[in-house]
Each structure stands twice: as structure tokens, then as C-alpha cells.
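Participant: Pasting in a structure now, in C-alpha cells, and then I'll have a few things to ask.
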Ligand code: RET
């Protein structure tokens, strides 16, 4: 662990603490929100809440790990020798990234065959992207980092392509009232996901160990809040709107 300034330590500490609270609150909101949507959308909200619940747990562990990596005494900060565990973040992504993609597919209520094939392809690509990124994340030298990062970018680009091309056609078949929201969810997913590889590249700069560590931790944390809680809320709004549209349609048909 690099020696850091107390201000940097506290910034990361507070970011983790805030994120734990945000993820826990989002979970409660999303699970309670199930009662406000039609039966066909309940699974999407269950999964959205599951994503934030998994993240809340991991942020709690990340927070603890950060706390034990440093010791603050009389305003002086020292490294304890217990390494900060980056694996929590990657295990979290391994579970939540495929779920996030499935959630996006589910809320569109495509045919069963399309739902399964898109979920499987996107889910597998996401898992591959995370597994390939990890050896680079924990590497000490930038060459190793770059090699694994590049490998991980291949499935990443496939996901981006699939989200824009593959889902694009499906989105056009959605009711007009939700098309905009679904596009927004896709854009928010894309924008927040684009943030991760940028944060991954911060160690290539010569900002120094302490600044790099602080930026990486805060950067991933911001991206996680947007990608999980932010996208979750949009999914909730889509589910509510689609349920209302379908209810109105049924009332007209009756
Ligand atoms: C890595 C390694 C470097 C190359 C790329 C990466 C992409 C990571 C992404 C992570 C998304 C995480 C999400 C978490 C929220 O649940 C692994 C940093 C392309 C896109 C959405």
C-alpha cells in the first residue's frame, strides 16, 4: 500500500461509507417498488435490488479492508502492512455486471428465446471482461496491466456493440412512452461503463502512488453508484411506465 495523506485516506473512507449507504437504500427502494409494477416487471426489479444488495455487502467489506490497511493515530497515518483487498471489487463485478445486463434485457420483455440468447451472450462476455481485467488490476507493472486491460477490452467492445446494435432494433419495438427512457438507461449504462477502463488507466500517469490510489478508488466508486443505483432507478421508472401503458391498453380492450 502506498503511504497516503490523511485527507486522501478520509476521502476514500467517506466515499466507501457513502456508497454502502446508497446501495443499501437503493436495494430497499427497488424491492419495495415491486408492488408498483405489473407482474411481468417484478423480476427486473428483484434483480436490480439484488445488484445493489450485492454491492452494499461488498462496499461494507471494501470499507473494512480500507480501514485495516491504514492506522490513524494522533493525526498521523501509517500503513499497517495488511493489504487493501481489490478482489472484493472484482468479485462484486463478476456477480453484478452480468445481472445488470440481464436486467436491461428483462425490462424490455422480448420473446423468451431472444431474452435467453441475449442474456447468455451478454452475461458471458461481461464475465470474461472482468476475469481478464483482474490480473492487470493487481499487477505492479504497467506492461502486465496493459496486456490484460487490452484483452479485457475485447469482450467490452462486444458488449458495447451488442447494446447499441443488437438492442437498438428491439428498442424500436417498445411502446413510444418508454423508448426514450430505455435509450437513457442504455446511455447511462454505456457512459458509466466507459468510466471503468479510464479509471483502470490512471496508474499509467505519473501522479504518484498515493494520488493514483485515491483517484482509482474514488473513480470506481462513482462509476458503481451510477451503474448500479442510477441505472436501477431508471429501470424502475421504465417498469412503472410500461406497467401503466399495458394497464391502459387492457382497460381499452375490455
Ligand atoms: C476493466 C479492465 C480494463 C479494460 C476494461 C475493463 C472494464 C470494466 C467494466 C466494468 C463495469 C463494471 C460495472 C459494475 C457495476 O456493477 C475490467 C476495468 C474494459 C466495464 C458496470
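Participant: If neighbour count is taken as other Cβ atoms inside 10 Å, put 183, 228 in order from fewest to most.
Facilitator: If I rank by nearby Cβ atoms, fewest first, I get 183, 228.
Participant: Which of 132, 11 has the fewest other C-beta atoms within 10 Å, and how do the rest follow up to the most?
Facilitator: Fewest-to-most ranking of 132, 11: 11, 132.
Participant: Could you check the spin-label model distance between residue 247 and residue 179? Points 7 Å from the Cα along Cα→Cβ, value in nm.
Facilitator: With each label placed 7 Å out from Cα toward Cβ, I get 2.4 nm.
Participant: Here is a follow-up. Which of rounded, prolate, oblate describes region 3-48, given a ≥ b ≥ c as roots of the alpha-carbon gyration tensor eigenvalues and a/c under 1.5 marking rounded, otherwise prolate only if a/b is larger than b/c?
Facilitator: It comes out prolate by the Cα gyration axes.
Participant: If you rank 141, 74, 86, 92 by fewest surrounding Cβ atoms within 10 Å, what's the result?
Facilitator: So the ranking, lowest neighbour count to highest, is 74, 141, 86, 92.
Participant: Now for a separate question. Any chance you could get the radius of gyration and Dmax over the Cα atoms of the chain, in Å?
Facilitator: Spelled out, the Cα radius of gyration and Dmax of the chain are 19.9, 73 Å.
Participant: Let me ask another. Which value at 222 nm does the chain reach when only helices count, each DSSP H run of 4 or more adding -39,500 (n - 2.57), with the total divided by all residues and rounded to the nearest 500 deg cm²/dmol?
Facilitator: Result for the chain, helices only: -26500 deg cm²/dmol.
Participant: What number, in percent, do you get for the relative contact order of the chain if the mean sequence gap of Cα pairs under 8 Å and at least 6 apart is divided by its residue count?
Facilitator: 25 percent
Participant: Highest first, please rank the peptides 184-191, 172-179, 245-252, 55-62 by the mean number of other Cβ atoms sitting within 10 Å of their residues.
Facilitator: Ranked by mean Cβ neighbours within 10 Å, highest first: 55-62, 184-191, 172-179, 245-252.
Participant: Regarding region 21-162, what whole-number volume in Å³ per residue does the convex hull of its Cα atoms give?
Facilitator: Convex hull of Cα atoms, per residue: 115 Å³.
Participant: To test your reading of the geometry: what angle, between 0 and 90 degrees and rounded to tens, separates the Cα axis of helix 6-33 from the longest principal axis of the chain?
Facilitator: Around 20 degrees separate the two axes.
Every number here is computed from the coordinates shown, using simple stated rules; none is lab data. Computed from a prediction, not measured in an experiment: that's the story for all the values here. For neighbour counting, all protein chains shown are included, and Cβ atoms are generated from backbone atoms with ideal geometry for every residue, glycine included.
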